[in-house]
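Working notes for the structure below.
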Amino acid sequence: MTAPLLIVPAGALAKALLPAMPRRKCRTHRPVPVILAYERLTQTLIVAEAAHSRFLNTIRLDTAGHWPLEVTVDGVLLARLLATFLPDAVVTLAYDDNSLILRCGGSCARFNRSEGDKKRACRGGARSVPLAAQQA
């Protein structure tokens, strides 16, 4: 079985992910989940913000690809990495069960997928019940 692959220009993908970047630069960031989906009939890659639908951008691809699923990753980390590539560089996107794989030239980067991740990214969630209370 062949791996699901898409070939995307790095500049177009970085421009589509620009709304995911925070307004102010800081050391730590709040994750912005971004959905990457491929529309086979129109040969477009759809880049959309997953949580609140703040943005939806499409990228027209020159070559047809094989990408049957939607992949959700942290858009801030992906945008920061793509900003380091030349705009005319060719990026190959692939995915497996746990990660999105980005290849450009000789470099390779993996981003954790977050579809099944139901954990909240903020502080102060539900607290665990002590063991003594569980036994009673």
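Details
- J(HN,Hα) series, segment 96-103, from Karplus relation 6.51 cos²θ - 1.76 cosθ + 1.60, nearest Hz, glycine and proline x: 10, 5, 10, 8, 9, 10, 10, 10
- Leading residue at positive end of dipole, segment 1-67 (Cβ point charges), from G65, T44, P33: P33
- In segment 22-112, GluC sites (Glu not before Pro) in a DSSP loop with at most 10 other beta-carbon atoms within 10 Å: none
- Inter-label distance, nm, simple model (7 Å from Cα along the C-beta direction), D62/Q43: 1.0 nm
- Computed about the Cα centre, the dipole magnitude for segment 5-117 is approximately 620 debye when only Lys and Arg (+1) and Asp and Glu (-1) carry charge, each at its Cβ.
- With R₀ set to 35 Å, the beta-carbon distance separating D97 from R24 gives a calculated FRET efficiency near 0.50.
- Here the contact order of segment 5-117, divided by its residue count and restricted to Cα pairs under 8 Å and six or more residues apart, works out to 32 percent.
Read-outs: derived from the displayed coordinates by stated rules, not from any lab. Computed from a predicted structure; not experimentally measured. Quick reminder, even Gly has a Cβ in these numbers, built from the backbone with ideal geometry, and neighbours come from all protein chains shown.
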